[in-house]
Amino acid sequence: MNGITKPQIVTVEQTLRFLEKKGIKENINYFVCKDSASILHMFEIIKAIPGTNFFNQKGSLLVYGDSICPGLAMNFAKSLNRNSINRIDPSYKFEDMMRLVKPVYNTSDLRVSDYDYMVVFYWAIFAGNINKNVFEIADELKKKDSLKILIVYVNVDFLKSWGMKKMPQMNLK
């Protein structure tokens with residue numbers, strides 16, 4: 001259903017082809033997890049795949065609801081403005097997440113102070129068409145000309161370059 005499959009070990013090139021089919025351009029801030037330990041830690045801190053995290057100018061994680069519903073993320077994205085007052089989730093910061101990933105393209109230094117908000121979209125090939133939700137939220141944020149928003153795409157597929165022989169057992173939402 002919706003193209004959802006069991007997680008498999010894939011190449012970065014496969015992830016790029018998936019993005020290309022979805023109309024996502026090459027000149028994006030596109031990251032993959034550094035290694036198998038990083039992705040397992042990433043799964044501990046993000047709530048769902050695909051998923052969306054919003055961070056403020058200080059790199060603090062913003063709370064936008066009590067569920068993982070992409071509709072809540074879209075509503076939150078539409079309501080963002082410079083005067084927004086949001087609750088902070090102290091469980092991790094933008095910099096904590098960025099330590100777990102590496103850029104696919106040569107990405108310049110991403111200084112949080114240069115942006116009003118940073119929005120991280122976690123997606124995976126195995127999530128199939130459900131990824132459409134995060135890509136739609138990204139499109140909505142691109143319409144916000146009055147805000148400087150850094151959009152970051154983080155792929156959470158298991159990569160062949162890590163040298164894994166088989167998929168670990170895990171329970172994903």
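We did not get these values from a lab; they are worked out from the coordinates using the rules stated. These numbers come from a predicted model, not from an experiment. Heads up, the Cβs are rebuilt from the backbone with ideal geometry, glycines too, and the neighbour counts pull from every protein chain shown.
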### Crossing angle, helix 36-45 versus the chain [Cα axis fit, 0-90 degrees, rounded to tens]
40
### Message
Among (1) 116; (2) 104; (3) 164, only one was calculated for this model; which label is it, if the read-out is volume of the Cα convex hull per residue in Å³?
### Response
(1)
### Query
If each of Lys6 and Trp162 carries a label point 7 Å out from its Cα toward its Cβ, how far apart are those two points in nm?
1.7
## Note on the structure
Residue separation between Leu16 and Lys132 times 0.36 nm, minus their alpha-carbon distance, gives in nm 40.2 nm
### Query
Out of the DSSP beta bridges found with both residues in the stretch 9-161, what percent are antiparallel (nearest 5)?
50
### Query
What residue among Ile39, Ile28, Thr11 has its Cα farthest toward the positive end of the dipole of the stretch 9-161, where the charges are +1 on Lys, Arg and -1 on Asp, Glu, each on the Cβ?
Ile28
### Summary
Under the helix-only model (-39500 (n - 2.57) for each DSSP H run of 4 or more, divided by the residues of the chain), the mean residue ellipticity at 222 nm, to 500 deg cm²/dmol, is -7500 deg cm²/dmol
### Query
For the stretch 12-84, which trypsin sites (Lys or Arg not before Pro) are in a loop by DSSP, counting at most 13 other Cβ atoms within 10 Å?
Lys22, Lys25, Lys47, Lys58, Arg82
